[in-house]
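These notes concern the structure reproduced below.
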Amino acid sequence: MAAPAMQAANAPTPGTWDSPHDLSVEESAQVALIPFPRKAEWTGGTLDVQEKTPRLTGDIVSMVQTALQEYMQGQKDGKSYFDVKCNLQPDLLPPDKAAEGYHLNIDPKGVAISAATEAGLLQGFQTLRQMLVTGNGKLPYCRIEDWPAFRYRGFMQDCGRNFRSVERLKKELSLAAQLKVNLFHWHLTDYPAWHVECKCYPQLNDPRYRTRDKHDTYSYEQIREVFAYAAARNITIIPELDMPGHSAYFDRAFGFKMHTPQGMKIVGELLDEFCNEIPADICPILHFGADEVRIPNAAQFVDFVTKKLQSHNRTPMQWASSRDLPVGESSIEQRWGEGADMVAKSIRPERLKRKAFDSTMGYANLLDPALLVRRYFFMRPCGSAQGDEKKLGTIICIWPDGKVDNKEYIPGMCTMWPGIMAMAERSWNGGGADGDHLPLEMAAPCTTAGRAYSLFEKRMQALHRAQFTEESFPMWYESGVNWTIVEPLPTNRAAEIRQKILEGRQHECKTVKAYCANLYFRTRPDTGYLGIFPKAKPGSTIWAITTIHAQKAGKHKFMLGFDAPARSNRRWTGIPKNGEWSQCGTRIWLNGIEQKTPRTYKLAGQNRHTGNAWNFEKPLSPEEIWWVQEPVEFELQEGDNTFIIEQPYVGEHQSWGISLIPLS
């Protein structure tokens, strides 16, 4: 059979969402790759590398050597070798693809990676590495041409509110590099503490002036160590010293605020020290925050900090929303938004006047797992299909905000790795038509969007099992669960409507179809009232009906959730009372029989928060987060089983939705 032709990126159709790569190529892949290559051709046949160890030949560069050493840490030395030939060819690719683009060829002769740069060779090896761990010892014969749509694909960790060890950060950088992530935004200071070594003002490291992680400080030697570790994996670090807001530690240590004349003098000395310790050749961009603060001398403060950073040959970077200080003319802006800003997409290409990063798709600590992944998967970074000199890329932000006693909870609480995978996929591949509506009203499985999301979920789960087994990974395959939803009706009519539905007469009500196991009807105002029914009001009730097919009768496990706190402001309906599914009044019927919850809670009926609780010092309990709970078992009959879920909407502090995810 003749080999199929090389598949180029699909051209978008106006008004629809189109995959940047041909889905038939993805469907025929024998390996799981994130991000999926821009162009790929499977030429038939496989190279058997079972019990063989990869060996680099040709132009061996340090980045690829480092990646190979990391790969081998989890592998046994094979009985023999197979060669991976690296070819460094400066003129291989045009300028717009050269920085990280690569060619990967696998045929009966072996494996060859060609690129114009060391970074390109690394990205080619990362693709090969994913093939090795998901291909069951078989490498598919292929020809791949690949390059990123956006220059930067990044993630942020808030180490100012919750300190993370150097060892933990290194582990995250190693894993992120395997997804071709090439930027780490390191938020080093916030309300609780200045977590950076300070020689000129040692009181900033004094535990008396800290409210969390009081004895934890990054020495300059450690900071340089993390920078070097990241650079060896093609990751640029942008450190953030947040000022003049988010700086309560400064007020406690000095007795006055940053924006005062005496405060600005100290700010200048702090920046001098940091820039002298962390040189410009490893740290060309320095983020100085400037968010969520109002001061009378805003323009003066921004101008002062900007000129100070420029004197150290740094490019300044600032947060950019309606709640922040004005962005300096020479600064890179990091767009973010809350509420309506997120719905309105605060980045529009025609409005960009300077270089920008896009962080408007929602923070990892704000959205529930599937909604976060969907938003990043269907987004258009910087409102565009690809980047340019102004549209730099995207950064997914992980803000636990509140105090976290066990920092190992953070990736699971905030859906970190599934979110980073979706960000990496879209910012490498780019996007066609805007799919902003799709996370809320998921497309039918037969559509391009439905097919693409289902295939991505499968790739994500495969890489979880192969490369992220030690990491919290709160995301499960949700495609294939289809719903009939009775549109919102006043809760005072619940008894009447419930009777109709239990009698199978839902056709007498107005219904809509919905797809995927996680349903979002109307989220909290801090996410802009996202959902299938964004105009619904509290005092409404909804009924969702689905059929789950069981191959055999018996107990089957499901992940189940009905609301979850925003890990930022903690708003939600609270931990269920014992004997109840939620504090919202949720009820469930399976094959006509009402089901009682098997769960019990130590904090039953507690932690209801109808308002905001920013920077809370009482840590979240795992009982507050449904996706870290143990699954629930339901007794299913062989064949089809009908679930009916009644879900009232009790207040705007509720993220009104349903998650019913079969695990088998």
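Details
Residues are listed down the side, and each one gets a yes or a no for (1) touching a helix residue (DSSP H, G or I) at 6+ places or on another chain (Cβ under 9 Å); (2) at pLDDT 90 or above:
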residue	(1), (2)
P316	yes, yes
S322	yes, no
E329	yes, yes
I332	no, yes
D341	no, no
I347	yes, no
E350	yes, no
K355	no, yes
S359	no, yes
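- Listed by first and then second residue, the pairs with beta-carbon distance under 6 Å, at least 6 apart or on different chains, first residue in segment 632-649 and in contact (Cβ under 8 Å) with a residue 60 or more places away in the chain, second loosely packed, with under 14 Cβ neighbours inside 10 Å and assigned to a strand (DSSP E or B), are E633/K555; E635/K555; D640/T547; D640/H549; T642/T547.
- Test: residue in segment 190-199 that is part of a helix (DSSP H, G or I) and among the basic types (K, R): no
- Failed condition for S582, given (1) hydroxyl-bearing (S, T, Y); (2) buried (at least 22 other Cβ atoms within 10 Å of the Cβ); (3) outside any loop (DSSP other than H, G, I, E, B): (3)
- Taking segment 60-79 as the range and being in contact (Cβ under 8 Å) with a residue 12 or more places away in the chain and either part of a helix (DSSP H, G or I) or not assigned by TED's automatic domain parsing to the domain that holds A119 (or both) as the test, the residues that pass are S62, M63, V64, T66, A67, L68, E70, Y71, M72.
- Residues of segment 386-416 that are within 26 Å of Q318 (Cβ to Cβ) and of a type in the set (G, A, S): G387, G393, G402.
- Residues of segment 4-47 that turn out to be at pLDDT 90 or above and assigned to a loop (DSSP other than H, G, I, E, B), as a count: 15
- Within segment 32-91, tally of residues that are within 14 Å of Q178 (Cα to Cα), buried (at least 18 other Cβ atoms within 10 Å of the Cβ) and of a type in the set (D, E, K, R): 0
- Taking the listed residues A232, A176, the one that is within 22 Å of the chain's Cα centre (by Cα) and under 30 Å from D146 (Cβ atoms) is A176, with no other qualifying.
- Some residue of segment 102-112 being under 20 Å from R153 (Cβ atoms), crowded, with 23+ Cβ neighbours inside 10 Å, assigned by TED's automatic domain parsing to the domain that holds P54 and in contact with a Gly (Cβ under 9 Å, 6 or more places away or on another chain): yes
- Residues in segment 506-535 that are surrounded by fewer than 18 Cβ atoms within 10 Å (Cβ to Cβ) and of a type in the set (A, V, I, L, M, F, W, C): C509, V512.
- Counted residues, segment 375-388 - those being part of a helix (DSSP H, G or I) and surrounded by 24 or more Cβ atoms within 10 Å (Cβ to Cβ): 6
- Taken as a whole, segment 171-189 holds at least one residue that is part of a loop (DSSP other than H, G, I, E, B), touching a residue at least 24 places away in the same chain (Cβ under 8 Å) and either farther than 26 Å from L122 by Cβ or among the small types (G, A, S) (or both).
- Matching residues in segment 206-223 - criterion: being surrounded by fewer than 16 Cβ atoms within 10 Å (Cβ to Cβ) and either not in a loop (DSSP other than H, G, I, E, B) or not assigned by TED's automatic domain parsing to the domain that holds F254 (or both): P207, R208, E221, Q222
- Counted residues, segment 541-574 - those being in contact with a Lys or Arg (Cβ under 8 Å, 6 or more places away or on another chain) and farther than 18 Å from W483 by Cβ: 6
- Tallying residues that are part of a strand (DSSP E or B), under 17 Å from L188 (Cβ atoms) and among the aliphatic types (A, V, I, L, M) within segment 275-321 yields 3.
- Where helices (runs of 4 or more DSSP H) fall wholly inside segment 402-478, the ranges with 2 or more residues that are at pLDDT 95 or above, over 30 Å from K618 (Cα atoms) and in contact with a Ser or Thr (Cβ under 7 Å, 6 or more places away or on another chain) are 416-429, 448-467.
The values are calculated or read from the model by the stated rules, or taken from the named source; none is laboratory data. A quick note: this is a predicted structure, and the numbers were derived from the prediction, not measured. Don't worry about glycine lacking a Cβ; one is built from the backbone with ideal geometry, like all the others, and counts go over all protein chains shown.
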